[in-house]
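Structure, as structure tokens:
Nothing in this text is a laboratory measurement; each read-out follows from the coordinates by a stated rule. No experiment lies behind these values; they were computed from the predicted model shown. Cβ coordinates were reconstructed from backbone atoms using ideal geometry, including for glycine residues, and neighbour counts include every protein chain displayed.
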Amino acid sequence: MVLLAMALMAARVAVCSAQTAGPRHAPGEGTVEAQRYVMDVTLDPADGALRANADVTFRCAADLASVELALNPSLQIQAVRDSEGRALEAVRGRQVGSPRFALRLASVCPADSRIELHFDYSGTIRPRPPFRAGNGFFLLRDDDAWYPQAGGFDFAEDDFTVRVPAGFEARTSGRLAERREEGATAVYHWKTAHAVDGRAVVVYKQPLRPPVIVTVGSGTAPRASPSAPELVRVQEICSDAITALPSAAPCGELARRAVPIIERFTAMLGPPPEKTLTIVTGISAVDSAIGYSEPGLLVVSDWAARLATVTDYAPGFLAHEIAHQWFPNGVAPASSSDGWLAESLAEYLAWRYLLEADPEAARVMVAEAMRDAVAYTSLRSLSLGLDLLAGPWSAAHATLYQRGMLVFRTLETAIDRERVDRALVEFYKRYAGRKASIADFRGVCEEIAGRKLGWFFDYFIHGTEIPVIELRRLPSESPGVVAGEIVVRDFPPEGSVRVEMSVRTGQGNVEHSVATHGAVTPFTVNVPAPALGISFDPDLRILRWTEAARRSKAQSAMLAALPDPLTAKDLPTAIEIYRHALAADPDDEAQRAQALHERLGELEWAHNESSAALADLDAAINGHSIGPFETYLCRAEAYLYQGVVQLHEGRPSEARKDAQAGLALPRFVLLQAVPREPIESPGDSTLQQLLESLSGAASRN
């Protein structure tokens, strides 16, 4: 089965969390908070060699005799001194590969006082997937712990001098105070005007063209609100290597598309903390839209920039990344477990933007989440937050992104969307430039809603259960009345959500909603004519079990039995498993049949079952998946395999038709339509190569 794996990664994982301070009367190891960084960094993007000295101002949260910090274990600490020049010993933790180290101070740092420490260190930074370096691009992320850190998301002022080889540019948050040349070195001096919560540095080859600059409110896109001020300038720095590629988006397309998103979020939440947003392309990613957001800075993958004009490709990606300028760059999570307030909230805001800009894409986004997040193999608590990003991407995406977004949608049904909007505005206003927790957000929601919401946060964020909510029709004494009840299982007794329904009659639809109370909530609806049917929660506003999720989970359980790795002797078993998975959802409620048919056709072809392969590949060609991109991709791969089968069956004219039909699909799909080989190469690996081989054979004959 060939499915698109879309990486929408942006959060910065806190690499350490300082221990809680002891009692005020017992100075010990405890919590400090970074407040200012003055750094001089030399970086060679060719091999990641880094040399730095840093003067860091920390605030002590308690009387401290020692502090615990973090620095990438691949960086060697040469010296640490305090403000009086006294040498301090840095002691690494015993755990291999841990970034943590401890410093015993020369004198006690009193509670709420400042301490200045100077660090000299050097070494080699190796970017971790998916943020690979290449083509003269290098990204130092907060996750890399490339600077001395007290904890994740500390708001601090930055004063950075970054030295890179001539011909390269270095950029970070803030404004460029100076640029100069020192022989074969380019020196960039960056300063922030206020405290920011991130310290990423991106280095890239100096582009041949100047940045494309677009101003919010300039008329380049419809304004979300007449009151939205001209606050943000968006500039895109385009990679020459990417813009030169065939079918690449025009330079500046991401900046232009960012403008209406910023306007919408500004009208919804208030202005972002930074006046300029710079978009830099360079993350080397294979077939993935990946982004990394810092205050006033957004670094995206080459694939995201190349396909910026394609609305069907990762439609919520850019809105998700831009939402991070508010959360967490404006309001940061108090700890990694509060990451729901970063990734889930950004995904929800992306959906809210799409709801106005592209309603169909918004519908698909919810449908995918309701199927995949609910049916995920092992449900995990949203309170794991950013720690989920340290594990399998599938778990992080299903939990922190998809299910987290659905929880915000469900919150709308508990307190209504207008109150959710007011809560977000108040939350951002109250905690801007600070850290905040899920408990803080809950407090704001309870203020706005005027009632306690402990049940909601305990169940949906700290828990792992999914409710069962069903509609049951009851007999009615009058044809003008529809009677029924909402049945709720596996849900807190005090919980209540508003369930929408649409009653279809011969004289039009009647919309109705019911707020649930307890396990069974009766309802009646007056209708102008006998009811022909009822649609229950038609917009999937409530996180709950659906038939699509149930069937998808059953199919996934079957596919989990596939041999890994798959060899020729395993083909009969694998083919049987895929056929059982298809039979488990005969009416395709889960909308996985197209992808299953396509992969089954590959396996049948590898097992010399040509007739069966052609039938399944034809089903994939004529099928539909849950979203347009996956639909197109399955068709392209099915056309390729069907053409290969036809060619090997001695029908070159049919093979040519398949290749031509596949090549008529949207070009952005063809860039990815190189299917995984089932067992061994079927011949030509792309539709274009198949067509060329057929043309070559015809000319030779």
Could you list which residues have their amide H under 5 Å from that of Val41, counting only those 5 or more apart in sequence or on another chain, with H placed in the peptide plane?
Thr161, Val162, Arg163
For Ser66 and Ser284, what is the calculated FRET efficiency with R₀ set at 45 Å and r taken between the beta-carbons, to the nearest 0.05?
0.65
Under a Cβ-only charge scheme (Lys and Arg +1, Asp and Glu -1), can you give me the dipole magnitude of the stretch 468-536 about the Cα centre, in debye to the nearest 20?
140
Among 543-556, 488-501, 513-526, the order from most to least packed when residues are scored by Cβ within 10 Å on average
543-556, 488-501, 513-526
Please list the non-local residues whose amide H lies under 5 Å from the amide H of Val234, H modeled 1.01 Å from N, same-chain partners needing a gap of 5 or more.
Val214, Thr215, Val216, Leu277
Distance between Cα centroids, the stretch 605-632 to the stretch 66-113: provide it in whole Å.
59
Rg to Rh, two decimals, where the stretch 355-404 supplies the alpha carbon set and Rh follows Kirkwood
1.04
Using the Karplus curve 6.51 cos²θ - 1.76 cosθ + 1.60 with θ = phi - 60°, what ³J(HN,Hα) values do you get for each residue of the stretch 526-543, in whole Hz, with x for Gly and Pro?
7, 10, x, 7, x, 6, 9, x, 10, 9, 9, 6, x, 9, 6, 7, 10, 5
With eigenvalues of the C-alpha gyration tensor scaled by 5 and rooted, the stretch 263-399, Å:
22, 19, 16
Could you derive backbone 3J(HN,Hα) for the stretch 634-639 from the dihedral phi with the Karplus parameters 6.51, -1.76 and 1.60 (θ = phi - 60°), listing whole Hz in sequence and x where the residue is Gly or Pro?
4, 5, 4, 5, 5, 4
Full extension between Val487 and Ala557 adds, at 0.36 nm per residue less the Cα distance, a length in nm of 22.4 nm
For the stretch 152-168, in order, what is each residue's ³J(HN,Hα) by Karplus, 6.51 cos²θ - 1.76 cosθ + 1.60 with θ = phi - 60°, in whole Hz (x at glycine and Pro)?
x, 6, 6, 7, 8, 7, 10, 9, 10, 10, 10, 10, 9, x, 4, x, 10
Quick check on the chain: helices-only [θ] at 222 nm, where DSSP H runs of length 4 and up contribute -39,500 (n - 2.57) each and the sum goes over total residues. Nearest 500, please.
-9500 deg cm²/dmol
Binned at 10 Å starting from 0, the alpha-carbon pair-distance distribution of the chain in whole percents comes out as 3, 13, 21, 23, 20, 13, 6, 2, 0, 0
Angle between the Cα long axis of helix 359-372 and the longest principal axis of the chain, 0 to 90 degrees, nearest 10?
90
Debye, to nearest 20: dipole size of the chain, +1 on Lys, Arg Cβ, -1 on Asp, Glu Cβ:
960
Remind me, what semi-axes does the stretch 547-700 give for its equivalent ellipsoid, largest first in whole Å, using sqrt of 5 times each Cα gyration tensor eigenvalue?
27, 18, 12
Taking the simple approach of a point 7 Å from Cα along Cα-to-Cβ for both Val468 and Asn622, what is their distance in nm?
3.7
Normalised Cα Rg of the stretch 479-604, dividing by 2.2 N^0.38 Å with N its residue count, works out at 1.51
Extension gain (nm, one decimal) between Asp421 and Glu692, 0.36 nm per residue minus Cα-Cα:
92.0 nm
Alpha-carbon Rg with Dmax, taken over the stretch 468-536, Å
12.4, 38
Could you work out how far helix 253-269 tilts from the main Cα principal axis of the chain, as a 0 to 90 degree angle to the nearest 10?
80
Which angle from 0 to 90°, rounded to the nearest 10, does the C-alpha axis of helix 343-357 make with the longest principal axis of the chain?
50
